[in-house]
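Okay, structure first, notes after.
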2 protein chains.
Amino acid sequence: MRIGELARRAETTPRLLRYYEQQGLITPHREANGYREYDEYLVDRVLQIRGLLDAGLPTRIIKQILPCLDTPRTIHFADATPDMLDTLESETDRMTRRIQCLTRNRDAIREYLDVVRGLSDQPTDRPTEPLTSRPEVAA
Amino acid sequence: MRIGELARRAETTPRLLRYYEQQGLITPHREANGYREYDEYLVDRVLQIRGLLDAGLPTRIIKQILPCLDTPRTIHFADATPDMLDTLESETDRMTRRIQCLTRNRDAIREYLDVVRGLSDQPTDRPTEPLTSRPEVAA
DNA sequence: TCTATCGTTGACATACGTGTCAAGGTCCAG
DNA sequence: CTGGACCTTGACACGTATGTCAACGATAGA
C-alpha cells in the first residue's frame, strides 16, 4: 500500500511515516515511479512504534528493540552483540520503572476521581469513609 | 532547603527545578535574600514529577494531576471543574494504554533476551523448544 | 486534456525538556 | 577583605517529534 493509506490505517500522517523511515524504524521499498510501497504488516508495526513513542521511548531506542519484537520469533544475531543485550536489559528495567510510576499515579488519580464523584453524586451526608484519612477541603 | 540540595536529593539539576517552577509544578517560597526555599516534601514531589516526565507525560498534564496525588487525600474543589474531571478521566485512559504498551513490549524483549541468552549459554545442542515457532537466524 | 488528488524532496517552524553560559548578588571561611 | 561556593535572572542552543509549506512529478477521472 502507499503512504497515504498506511497513514490513515495507522492513525498518523505521511509526514511522520517519512520521519520514521529516516530514523530507520521502517524501510518501505519503492514502486517504479518512486512512490513508497508498504507491506501489510507495517500497519501494526507503525501502531506499535506510535505506542512506544507515546510511552516516552525515543526513536533511537525503539529502533533497537523493534528487531526483538518480531513474531514468529526470529533471532537477529547481527543485533545481538553483548552490549546490545546490555542496552536491552537496562531498557527493560527503565520500562518497568515507567510502568510502576504510571500505575501508581494512575491509581491515585482514579482514587481521587472516585472520591470527587462520590462527593458530588451523593450531596453531603454520606460519610465518604473508605479513605485513609478524612479529606480536607482546600480552596 | 535550597535549590542545590533539592537538586542533589531529587537527582536532578537546579536548572530543571527552576523550569518546573516556571511551568507551575512547584512553588517554593523565598528567603529574605531572594533564594528559593524548598519544603521537605518536595523531594518526593520532584521525584514523582521526574518519573511522570520520563514516562512521557508533558508538564501541562502533570500540573493538572499533581493536586490529585496529595496524600493524605485533600480534595481541591477549585480544580474539580467538570471538564477538569473529564481531562483526568481520559488521561487515566491514556496512561492505561501506555502501561499496556510498555508491558507488552517489555515482555517481548524479555522473551527475546531469554532466547538469546539460552542460545549462547548452552552452545547449540539444546532444542530451545519453549518457542512458538522455530527461531530462524537472520544475518 | 484538464484538474484534482496523491506522491516526492527539502526547508523552515514550533513545542518541549534540557544544557550551558554570562553577569551579577549572597554568604561563609580564611 | 578576599576567594570560593552557591544563589539569582536571562539568554541562547540543542535534540526530538511534529506541523506546514513550496515546487515538482505521477495518476486517474471528467
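The values are calculated or read from the model by the stated rules, or taken from the named source; none is laboratory data. This is a predicted model, so every value here is computed, not measured. Neighbour counts are summed over all protein chains in view; Cβ atoms, including those assigned to glycine, are modelled from backbone coordinates with ideal geometry.
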Restricting to segment B:54-66, give me the number of residues that are within 9 Å of chain A (Cβ to nearest Cβ) and surrounded by fewer than 18 Cβ atoms within 10 Å (Cβ to Cβ). 1
Where residues in segment B:42-53 are of a type outside the set (Lys, Arg) and within 14 Å of chain A (Cβ to nearest Cβ), which of them is farthest from DNA strand D (Cβ to nearest atom)? B:GLN48
Let me confirm something: among A:LEU85, A:LEU102, which residue is at pLDDT below 90 and either assigned to a loop (DSSP other than H, G, I, E, B) or out of contact with any Pro (no Cβ under 7 Å at 6 or more places or on another chain) (or both)? A:LEU85
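For segment A:1-41, enumerate the residues that are in a helix (DSSP H, G or I) and away from DNA strand D (no atom under 12 Å from the Cβ).
Pass one, segment A:1-41, residues in a helix (DSSP H, G or I): A:3-9, A:14-22.
The answer is A:GLU5, A:LEU6, A:ARG8, A:ARG9.
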Which one of these is among the acidic types (Asp, Glu), out of contact with any His (no Cβ under 7 Å at 6 or more places or on another chain) and more than 8 Å from chain A (Cβ to nearest Cβ): B:GLU91, B:GLU5? B:GLU5
Looking at A:ASP39, A:ASP70, A:ASP86, can you tell me which residue is away from DNA strand C (no atom under 12 Å from the Cβ), over 17 Å from B:THR103 (Cβ atoms) and away from every other protein chain (no Cβ under 13 Å)? A:ASP39
Subset of segment A:8-53, residues crowded, with 18+ Cβ neighbours inside 10 Å and of a type in the set (Gly, Ala, Ser), comes to A:ALA10, A:GLY51
Any idea which of A:ALA32, A:ALA10, A:ALA55 is within 14 Å of DNA strand C (Cβ to nearest atom), out of contact with any strand residue (DSSP E or B) (no Cβ under 9 Å at 6 or more places or on another chain), of a type outside the set (D, E, K, R) and within 26 Å of B:MET95 (Cβ to Cβ)? A:ALA10
Which numbered condition trips up A:LEU57, out of (1) among the aliphatic types (A, V, I, L, M); (2) modelled with pLDDT under 95; (3) within 30 Å of B:THR71 (Cβ to Cβ); (4) within 11 Å of DNA strand D (Cβ to nearest atom)? (2)
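Which is away from DNA strand C (no atom under 15 Å from the Cβ) and either within 25 Å of B:ILE109 (Cα to Cα) or at pLDDT 95 or above (or both), of A:ILE26, A:ILE75, A:ILE3?
Numbers: A:ILE26 fails: away from DNA strand C (no atom under 15 Å from the Cβ); A:ILE3 fails: away from DNA strand C (no atom under 15 Å from the Cβ).
So the residue among A:ILE26, A:ILE75, A:ILE3 that is away from DNA strand C (no atom under 15 Å from the Cβ) and either within 25 Å of B:ILE109 (Cα to Cα) or at pLDDT 95 or above (or both) is A:ILE75.
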All but one of (1) part of a helix (DSSP H, G or I); (2) at pLDDT below 95 hold for A:ILE62, so report the exception by its number. (2)
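If I filter segment B:73-82 down to residues being at the interface with chain A (Cβ under 10 Å from one of its Cβ atoms) and outside any helix (DSSP H, G or I), which single residue comes out as nearest to the chain's Cα centre (by Cα)?
Result: B:ARG73.
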With the first residue restricted to segment A:10-31 and required to be under 22 Å from A:ASP70 (Cβ atoms), and the second required to be part of a strand (DSSP E or B), Cβ contacts under 7 Å at 6 or more apart or on different chains are A:PRO28/A:ARG36; A:PRO28/A:GLU37; A:HIS29/A:GLU37
Taking segment B:40-58, which residues are out of contact with any helix residue (DSSP H, G or I) (no Cβ under 6 Å at 6 or more places or on another chain) and over 14 Å from B:THR27 (Cβ atoms)? B:GLU40, B:ASP44, B:LEU47, B:GLN48, B:ARG50, B:LEU53, B:ASP54, B:GLY56, B:LEU57, B:PRO58
Name the residues in segment A:43-64 that are closer than 14 Å to A:ARG98 by Cα and touching a residue at least 40 places away in the same chain (Cβ under 8 Å), would you? A:ALA55, A:GLY56
I'm trying to understand the selection: among the residues of segment A:1-32, which are under 12 Å from A:VAL43 (Cβ atoms) and among the hydroxyl-bearing types (Ser, Thr, Tyr)? A:THR12
